[in-house]
Amino acid sequence: MVLVPYFPIFAVRTFMIIWCGQIVSAIGSAMTRFALTIWVWQLTEEATSIALFSFFYQFPLVFVSLFAGVLVDRYNRKYLIILGDTIAILCTIIIGLLYSTNNLLIWHLYCLIAISGCFGHIQNLAYEASIPLMVPKQHYTRASSMSSLVTHASTIIAPALAGIFYPIIGLVGIIVVDVVSFAVAVGMFIFLQLPQPPRIEITNYESETISQKLTLGFRYILSRPGLLAMTIAFSCFWFAYQLGETLYQPMILARTDGNTQVLGVVMTAAGVGGVMGGLFLGISGGFKHRVHGMLVGFIGNGLSRAVFALGQIPLVWIGSQFCSSVNLPLLFSSSSAIWYAKVAPSVQGRVFASDHTIGMIIGTVASLTAGPLADKVFEPAMKPGGFLTSVFSPIFGTGAGSGMALLYLITSFFIVLVGLGGYIFPTLRNVEIALPDHDAIVTHASSATDKE
């Protein structure tokens, strides 16, 4: 018997169809990313080169995210999703053409990843803001956990498929698979009607200046201490998480002499953990007080990553990555459910975009910092004769990747501290109690008007 998250299917038919299409497309995209990571490592053998993937993906989003939020709140979200997917796959096709003609250079990848990321962000933001309109409020956590399954399921399947087919069909063949998966996803989605937020809630949109439209999300967050506390906590977590996430693939490759099979198995274990965590959360519904799910997820993720950093054999990496990823659906879905409940649908595009912009700035700094820290500071410091070897070499050794492992451990401890610290501050701990749901505010206002 296969367990699936409980949903009233008739109420979320559109969500389920889109979700199925996203899984298919995500597998193809993840195969391409995995193949490109192998190609870049084989070409350069530098953590910085791989870290720059994250940098060039996230940095342009800082400038376009707020505009994307305005678009999502104002225009048909279905067409925005199709637009974002289409531009992203066109960039992938260009990469394939450049590679097949022996003209692909790393800077080509960085440019195309930047363009793809900008339009992909519009697609993601439109999809995320549509979830509360497709799913009943009591199922927000379940719906968010199912969305996280898309990423984790692709992490299971894509490395295995890419590892098998990369030696046979090469990068171009994998890109063809990616294009086919995109066509399947769009074909499942194109005839659906995606719900739009009530226009009546946007009372003064036309009278707002461009500056007011772009900054509405920041003002919305700043005026609500609970949301501001969540933003700060997640920003701290995200910096440490992204810094470590940028390093773990080159760290494994360095410690295994470029063994892509080990890397693929570890990534698959992470995907299995994410799927298991998402399925469990989809069935159970998570914590009654969702903020506890977020904070417990921080702590569990950080402790698991600490074990990963201390390990030096594939078995430890596989187990710890599994446990680390089990916590990701819990912390992300719990956080998303709070935002869905507290933010009015008509402004969710701009509020989510503002929150994402902060996260992207944090992520960009982390990605840009991770490579040089690893290549120029921690790796040399952990080589024989390095200034950190006398203290940490008994734990991490002095071989390639030991410096990255030490840096990864530091980020893991920081994540644990963020989770524990969240229980100290009542503004964050009590956010669900202190801040009313957006529909409760509307109901209260309507009742007051009726009495008048």
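All of the numbers you see were taken from the coordinates with simple rules; none came from a lab. As the structure is a computational prediction, the values presented were derived from the model and not from experiment. Reconstructed Cβ throughout: ideal geometry from the backbone, glycine too, with neighbour counts over all protein chains shown.
Per-structure values
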read-out: Lys, Arg +1 and Asp, Glu -1 on Cβ, resulting dipole of the chain about Cα centre, debye, nearest 20; value: 500
read-out: Cα centre as origin, Lys/Arg/Asp/Glu Cβ charges: segment 68-179 dipole, Debye; value: 300
read-out: Rounded D (µm²/s) - segment 208-248, Kirkwood Rh over Cα pairs, Stokes-Einstein at 37 °C, 0.692 mPa s; value: 276
read-out: From the C-alpha gyration tensor of segment 14-88, square roots of 5λ in Å; value: 29, 19, 8
read-out: Rough spin-label spacing in nm, given labels placed 7 Å along Cα→Cβ, for V172 and M16; value: 4.2
read-out: FRET efficiency, W107 to S223 (Cβ-Cβ, R0 41 Å, nearest 0.05); value: 0.45
read-out: Crossing angle, helix 47-58 versus the chain [Cα axis fit, 0-90 degrees, rounded to tens]; value: 10
read-out: Rg/Rh ratio calculated on Cα atoms of segment 211-294 (Kirkwood radius); value: 1.14
read-out: Kirkwood-type radius of segment 256-379, with distances r between different C-alpha atoms, in Å; value: 16.5
read-out: Residues M294, M360, M134, M16 arranged by fewest to most Cβ contacts within 10 Å; value: M16, M134, M360, M294
read-out: Cα-based Lys proximity count in the chain, under 21 Å, for pairs eight or more positions apart or on separate chains; value: 4
read-out: A183 paired with M276, simple spin-label distance in nm, labels 7 Å along Cα-to-beta-carbon; value: 3.7
read-out: Segment 79-160: Rg to Rh, with Rh as the Kirkwood radius over Cα pairs; value: 1.10
read-out: Cβ-based exposure ranking for H121, H292, in which fewest neighbours within 10 Å come first; value: H292, H121
read-out: Farthest positive-ward along segment 276-411 dipole, Cα basis, beta-carbon charges - from V351, P384, L310; value: V351
read-out: Fewest-first sequence of V64, V365 by Cβ atoms within 10 Å of each Cβ; value: V365, V64
read-out: FRET efficiency estimate (nearest 0.05) - Cβ-Cβ, S390 to Q212, R0 56 angstrom; value: 0.45
read-out: Length added when fully stretched, I115-K288, from 0.36 nm per residue minus Cα-Cα; value: 58.3 nm
read-out: Efficiency of FRET from Cβ geometry, T86 and V62, R₀ 25 Å, rounded to 0.05; value: 0.60
read-out: Simple label model, 7 Å out from Cα along Cβ direction - I433 to I190, nm; value: 5.2
read-out: Given charges at Cβ of Lys, Arg, Asp, Glu: segment 26-162 dipole, positive-most of L36, L109, Q123; value: Q123
read-out: Dipole of segment 203-324, positive direction: furthest Cα of S211, T231, Q321, with charges on the beta-carbon; value: T231
read-out: Stokes-Einstein diffusion coefficient of the chain, Kirkwood radius over Cα pairs, 10 °C, 1.306 mPa s, in µm²/s; value: 70
